[in-house]
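The structure appears below as structure tokens.
The values are calculated or read from the model by the stated rules, or taken from the named source; none is laboratory data. The model shown is predicted, which means the values in this text are computed figures rather than measured ones. Counting neighbours? That spans all protein chains shown, and the Cβs are built from the backbone with ideal geometry, glycine included. Heads up: the accessible areas ignore ligands, DNA and RNA and are worked out on the full protein's heavy atoms, side chains in. Shrake-Rupley method; radii C 1.70, N 1.55, O 1.52, S 1.80 Å.
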Amino acid sequence: MTSDRDHHFMGLALAQAQAAAAAGEVPVGAVVVDPETDAILAQAGNAPISTSDPTGHAEIRAMRAAASELDNYRLTKLELFVTLEPCVMCAGAISHARIGRVIYGATDPKGGGVDHGPQVFKQPTCHWRPQVTGGVRAEEASDLLKTFFRARRQA
């Protein structure tokens, strides 16, 4: 069961995903929140195409912005809301940043790295394991992705 708070912050991540889609990027959005104050430290959408950066995933961009805001690469105790289950690259970055909790929307059976695929946080070599909550506003996040890719296939 998800809280109203999780629902709210996932809504902000969904808005970032919609903005990414409008820019021609895969619609994934992320928000970094301080759970002690509910302060939003960073928000970002996917932008690997527009930035010519293969690491330009929403999670990476949001964590970079939060780290810059805090002047600290460790994001211990912070929460990362993301509309799609993080991939392996992003899961690795989440572990290195020491994110306290990851809340994601849609599952990604094909490319996910948290609850699917290599399940990065369950590996014995993983140095930091955040708490994970999946499925928050999953249908909305999934519908956004399906609509985006359907339009791309028809174009």
* Asked: Taking segment 21-72, which residues are over 18 Å from residue 102 (Cβ atoms), touching a residue at least 40 places away in the same chain (Cβ under 8 Å) and part of a helix (DSSP H, G or I)?
  -> 21
* To do: With the condition kept exactly as written, say whether any residue in segment 3-12 is within 22 Å of residue 87 (Cβ to Cβ) and small (Gly, Ala, Ser).
  => no
* segment 138-155 - residue that is among the hydrophobic types (A, V, I, L, M, F, W, C) and under 11 Å from residue 10 (Cβ atoms) and, of those, most open to solvent (accessible area, probe 1.4 Å) -> 138
* Structure fact -> Picked from segment 10-44 (must be farther than 27 Å from residue 151 by Cα and in contact with a strand residue (DSSP E or B) (Cβ under 8 Å, 6 or more places away or on another chain)), the residue surrounded by the fewest Cβ atoms within 10 Å (Cβ to Cβ) is 39
* segment 33-60, residues that are within 20 Å of residue 108 (Cβ to Cβ) and in contact with a helix residue (DSSP H, G or I) (Cβ under 6 Å, 6 or more places away or on another chain) -> 44, 45, 46, 54, 56, 57, 59, 60
* To do: Just give me the residues in segment 91-137 being assigned to a strand (DSSP E or B) and either in contact with a Pro (Cβ under 9 Å, 6 or more places away or on another chain) or open to solvent by less than 20 Å² (accessible area, probe 1.4 Å) (or both), in sequence order.
  => 99, 101, 102, 103, 104, 105, 106
* **Residues being in contact with a helix residue (DSSP H, G or I) (Cβ under 6 Å, 6 or more places away or on another chain) and in contact (Cβ under 8 Å) with a residue 60 or more places away in the chain - total across segment 129-139** => 2
* Kindly indicate whether residue 88 is surrounded by 24 or more Cβ atoms within 10 Å (Cβ to Cβ), among the aliphatic types (A, V, I, L, M), modelled with pLDDT of 95 or more and within 17 Å of residue 132 (Cα to Cα). => no
